Amino acid sequence: MNLLPLARATRPSLPLSTAAAPLRSGKLSAYGGARIAQPRCRHAADLSASAVAAETPRAGEAPAPSVTAEEEQFDWLDQWYPFAPVCDLDRGAPHGKTVLGLDVVAWYDRASAGGEWRVFADACPHRLAPLSEGRIDDKGRLQCVYHGWCFDGAGACKFIPQAPALGPPVHENSKACVASYPCVVQNNILWFYPRAEPEYKDVQQRKRPPLIPEIDDPGFVNLYGIRDLPYGYDILVENLFDPAHVPYAHKGILRRIRMEDPGRVDYDKEGGGPMQTKTEEANVEGFVSAQERGFFQFVAPTTLVCSPPQETPWVLLVFFCVPVAPGKSRLIWAFPRNVGDWLHNISPRWLYHVIQNLILDSDIFLLNVEERKFATAGLDNWQNACYVPTSSDSMVITFRNWFRKFCKNQIGWATPQVDQLPPIPTKDQLMERYWSHVVQCTSCSAALKAMKALEVALQIASVAVIGFLAVAKGTLVQRAAAVSTAVLCFAASRWLANFIQKNFYFQDYIHAYK
């Protein structure tokens, strides 16, 4: 993934933050790591993999996990999940997504005091039509477009067109209501809590999403993105915890930094090398790891923060990993930084997304195949199926230990799920960008619309110039200039069409030629 080169740092002890309130932005902890506000841990556990990875097992022997925690299962339903960055949500229309197996719809309730985002179950109680295909009516209510039923911000049905005005008030029946989930906008991201029962209405008083103070810091600029991915949640998180793959899987995209290795005389072109990583503390709510190029903090189940050492300019890589369904996940990212703000201000967001989508594309096929091989071997047999002898795999081992210990290698889906991966997709289906990203991103959607209009304009200009040339009289120089203009317009339209196809629909990535 997009793991930017971070400056070197020593590997200090970095305890997992247990702050109950937001920490002040722009400051590092005493150990230099990013600080995240989160709930207090209930039971601590030593889930360190550093000692495991430091030793090299004999061939065919998997390292044994170092876990001494008392049994405690991770509660997938007692968590907040990110829906989408608010900048990618149109207030004039509902938006549907699947999260943790739940089909949910987000819409902006302008009828409420000051206006608020709402998250409902994406099913009309009448005939279960998707409310995400509906509209916001002239009274600010969410309207199902199948039969016109309308719902207010609390999920109560306010209007059934087919019910006689003088008849019984059937719209007031509890069966006419839509399940409404607690939701909150934090760090300019819409989050929701996947329990709609009345006792969870005030869950924000007890628990809130992880807070990244730097995202809200006016001294930082930030870049959001979102993309659906054709592999599961655990594969996504594992890959983000694996910086050693960056110079190889993303060759030709990310800047190479040669890793120093005393005694080595044979370096490859990619510049890979050993990575010393140490996990100081881990528990059911996550863990923190320190390595030579920065710090990684995992706040289960969704939030991963990569931060550089204190003495370097701040560039945080914040990833939100969303379980969607078996074999499907969603990545939301935010990259707050307090350097290069002038470049951020003059560069369109879609241009950054072009590079970030290419990075995601460059290992999609690898991860999709890997997931299926893991499924064949069985995740309970992961450490026997995989040979992970170096410290570079330390964080991957730590996550796999966490996922096994606290989750039994399973995601606690909110709805029943078929326990099998979807059919094997073709490569163009794996790497398609339009449905997985563009339609979810306001900047890329607007850029695509503008480029398509420009493409048509160039084609029309080319034809118009040729037509004008056919009927007008002019000197040889003028006619030659007209022909050149027509050719240039046509060539520009063809180049633009190719650019659109590669960056907004599909672009293959062939590792052998990188």
Gain on full stretching of the segment that runs from Asp508 to Ala491 - 0.36 nm per residue minus C-alpha separation: 3.8 nm
If you wrap the range 338-479's Cα atoms in a convex hull and average its projection over all directions, what's the area in nm²? 17.3 nm²
Mean projected area, convex hull of alpha-carbon positions in the range 94-253, reported to one decimal in nm², is 13.5 nm²
Using a Förster distance of 30 Å, how high is the FRET efficiency between Asn384 and Glu197, based on the Cβ-Cβ distance and rounded to 0.05? 0.15
Filtered trypsin sites (Lys or Arg not before Pro), the range 109-192: DSSP coil and at most 10 other beta carbons within 10 Å: Arg127
Overall dimensions of the range 305-380 as given by Cα atoms, namely Rg and Dmax in Å: 16.6, 49
From zero outward in steps of 5 Å, how is the percent of C-alpha pairs of the range 380-441 spread across the bins? 4, 12, 14, 13, 15, 21, 17, 5, 0
Distance between modelled label sites at Ala453 and Arg264, nm, 7 Å Cα→Cβ extension: 5.1 nm
For the range 415-486, state which trypsin sites (Lys or Arg not before Pro) are in a DSSP loop and have at most 14 other beta carbons lying within 10 Å of their beta carbon. Lys473
Treat the range 267-416 as a sphere of radius equal to its Kirkwood radius over Cα pairs and apply Stokes-Einstein at 10 °C in a medium of 1.306 mPa s; give the translational diffusion coefficient in µm²/s, rounded to a whole number. 89 µm²/s
Once the other residues with Cβ under 10 Å from the Cβ of Tyr108 are scored (Lys, Arg +1; Asp, Glu -1), what is the net sum? 0
Using the Cα gyration tensor of the range 182-304, with a ≥ b ≥ c the square roots of its eigenvalues, what is the shape: rounded (a/c below 1.5), prolate (a/b larger than b/c) or oblate (neither)? prolate
Which of the listed residues, Ala325, Val339, Thr376, is farthest toward the dipole's positive end in the range 307-389, when Lys, Arg count +1 and Asp, Glu count -1 at the beta-carbon? Ala325
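Work out the length of the dipole vector of the range 381-514 about its Cα centre, built from +1 on the beta-carbon of each Lys and Arg and -1 on the beta-carbon of each Asp and Glu, and round it to the nearest 20 debye.
So the dipole magnitude of the range 381-514 works out to roughly 180 debye.
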Let's test the formula: R0 of 30 Å, r as the Cβ-Cβ distance of Thr376 and Val439. What FRET efficiency results, to the nearest 0.05? 0.35
Val418 and Ala165 label points (each 7 Å along its Cα→Cβ direction) are spaced in nm at 4.8 nm
Estimated FRET transfer efficiency when R0 is 22 angstrom, pair Leu128-Leu77 (beta carbons, to 0.05): 0.50
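Quick note: the coordinates plus some simple rules give every number you see, no bench work behind them. Just so it is clear, the model here is predicted, and its values are computed rather than measured. Don't worry about glycine lacking a Cβ; one is built from the backbone with ideal geometry, like all the others, and counts go over all protein chains shown.
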